[in-house]
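Structure record follows, encoded as structure tokens.
Only the coordinates and a few stated rules stand behind these numbers; no lab work does. As the structure is a computational prediction, the values presented were derived from the model and not from experiment. Here the Cβ positions follow ideal geometry from the backbone for every residue, glycine too, while neighbour counts run over all protein chains shown.
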Amino acid sequence: MAEKGNKVQEKGELLLFQWQTCVETTNVVSQRRDVINGLFVTLNLAIVTTIVALWDMRAIALIAAGAAVCISWFLYIISFKKLNKTKFDVINAMETQLPAQPFNDEWRALTEDKWYVKGSTIEKVLPISFSVIYVALLISLLVCK
């Protein structure tokens, strides 16, 4: 009988260890996401600054490059959103076997809050904003020349 109890305890400890590992990997993904967003902001600011400094027809190539960077950035956001969703689906499924379900409880509370806006929705504002800036710069460049 004691052997059966030990196996149950070992299984519970293994599940908790696996759950903790999954939670830690979501933190790593979030940190990577923040770094990539920072790189894209920096790259776009450098492109916009160079366009304004050049302010001639050569800038059109940079505008096209900036638009391509924004598309890549947007796709990264979508990719990270899917990766995080899948990770949390796994974590939430594992939690059903644990005594407490903090991530399930947190998500339930957030979805009930009418003012909650998903981070990925907010993130998408930046590449869209830079895209609008590139369109405005292109129009302005073509009209002024």
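Figures for the structure shown
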| item | result |
| --- | --- |
| Modelled FRET efficiency - R0 22 Å, ALA46 with CYS144, Cβ distances, 0.05 increments | 0.50 |
| In degrees, nearest ten, helix 59-95 long axis to first principal axis of the chain (Cα) | 10 |
| Convex hull of the chain built on C-alpha atoms - directionally averaged projected area, nm² | 10.9 |
| Spacing of the two label points (7 Å from each Cα toward its C-beta) at GLN9 and LEU75, in nm | 5.2 |
| Sites ASP56 and VAL132, calculated FRET efficiency, Cβ-Cβ separation with R0 30 Å, nearest 0.05 | 0.85 |
| GLU106 versus ASN27: modelled label distance in nm, points set 7 Å from Cα along the beta carbon direction | 1.1 |
| Rounded to whole Hz, the Karplus (6.51, -1.76, 1.60) HN-Hα couplings of region 126-136, x for glycine and proline | 5, x, 5, 4, 5, 4, 5, 4, 5, 5, 4 |
| Counted charge near CYS70, where neighbours are those whose Cβ lies closer than 13 Å (Asp, Glu -1; Lys, Arg +1) | 0 |
| Derived scalar couplings ³J(HN,Hα) [region 11-20; Karplus, 6.51 cos²θ - 1.76 cosθ + 1.60; whole Hz; x for Gly, Pro] | 5, x, 5, 5, 4, 4, 4, 5, 4, 4 |
| Highest average packing first - 98-105, 48-55, Cβ atoms within 10 Å | 48-55, 98-105 |
| Peptides ranked, highest mean first, by Cβ atoms within 10 Å: ranges 72-82, 10-20 | 72-82, 10-20 |
| FRET E, pair ASP89, TYR116, Förster distance 30 Å, beta-carbon r, rounded to 0.05 | 0.95 |
